[in-house]
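The values are calculated or read from the model by the stated rules, or taken from the named source; none is laboratory data. As the structure is a computational prediction, the values presented were derived from the model and not from experiment. Backbone-built Cβ (ideal geometry, glycine too); neighbour counts: all protein chains shown. All accessible areas refer to the heavy atoms of the entire protein, side chains included, with ligands and DNA or RNA removed. Shrake-Rupley method; radii C 1.70, N 1.55, O 1.52, S 1.80 Å.
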Amino acid sequence: QVQLVESGGGLVQAGGSLRLSCAASGRTLSRFAMGWFRQAPGKEREIVAAINWSGGSTYFADSVKGRFTISRDGAKNTVYLQMNSLEPGDTAVYYCAARLDGALGYNQRQYNYWGQGTQVTVSS
């Protein structure tokens with residue numbers, strides 16, 4: 001089993017930055033692909049970014065490309081989502097997820113473990 005705990009969410013003004021962390025316990029994440037998803041009120045959960053097991057491949061949704069980066073720290077068993085130039089449209093609950101298959105995953109059905117989420121609110 002893998003337990004994932006997100007942190008780093010909060011309230012920020014438009015144009016600001018936040019860094020989300022996803023700390024894992026129970027198993028090392030070294031062979032897992034990881035993803036960040038978000039869900040805004042009344043909307044479907046959508047993928048934001050993903051990273052493969054080695055960190056050599058990443059994916060970003062068009063809406064965040066150029067503003068967000070994803071990275072992983074094997075020593076800390078943690079994955080990060082750096083969010084810059086935040087917009088009100090980025091307001092959502094952000095979830096991290098782990099995928100046993102180490103390749104990039106693009107939809108939530110491909111992921112095996114989920115965190116409980118952290119709220120990000122961007123004010124205009």
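Six or more apart or on different chains, Cβ atoms under 6 Å: show the pairs whose first residue is in the stretch 24-38 and assigned to a loop (DSSP other than H, G, I, E, B) and whose second is open to solvent by 10 Å² or more (accessible area, probe 1.4 Å) and modelled with pLDDT under 90.
26/1
Which of the residues spanning the stretch 65-102 are open to solvent by 50 Å² or more (accessible area, probe 1.4 Å), among the hydrophobic types (A, V, I, L, M, F, W, C) and in contact with a strand residue (DSSP E or B) (Cβ under 9 Å, 6 or more places away or on another chain)?
100, the sole residue that qualifies.
Which pairs turn up if I take residues in the stretch 1-16 that are open to solvent by less than 60 Å² (accessible area, probe 1.4 Å) and look for partners that are of a type in the set (Phe, Trp, Tyr) with beta carbon separation below 8 Å, at least 6 apart in sequence or on another chain?
Taking only residues 6 or more apart or on different chains, the pairs are 2/32; 2/113; 4/113; 4/114; 6/94; 6/95; 9/94.
Can you work out which of the residues in the stretch 107-117 that are assigned to a loop (DSSP other than H, G, I, E, B) and farther than 19 Å from residue 20 by Cβ is farthest from the chain's Cα centre (by Cα)?
112
Looking at the stretch 24-36, is at least one residue loosely packed, with under 15 Cβ neighbours inside 10 Å and among the β-branched types (Val, Ile, Thr)? Working first, answer last.
Keep residues of the stretch 24-36 that are loosely packed, with under 15 Cβ neighbours inside 10 Å, which gives 25-26, 28, 30-31.
If we keep only those that are among the β-branched types (Val, Ile, Thr) too, we end up with 28.
The answer is yes, given that some residue of the stretch 24-36 is loosely packed, with under 15 Cβ neighbours inside 10 Å and among the β-branched types (Val, Ile, Thr).
Those residues that are free of Cβ contacts under 8 Å to residues at least 60 places away in the same chain, of a type in the set (A, V, I, L, M, F, W, C), assigned to a loop (DSSP other than H, G, I, E, B) and farther than 17 Å from residue 111 by Cβ, I need them from the stretch 39-89; list them, please.
Correct list: 40, 64, 75.
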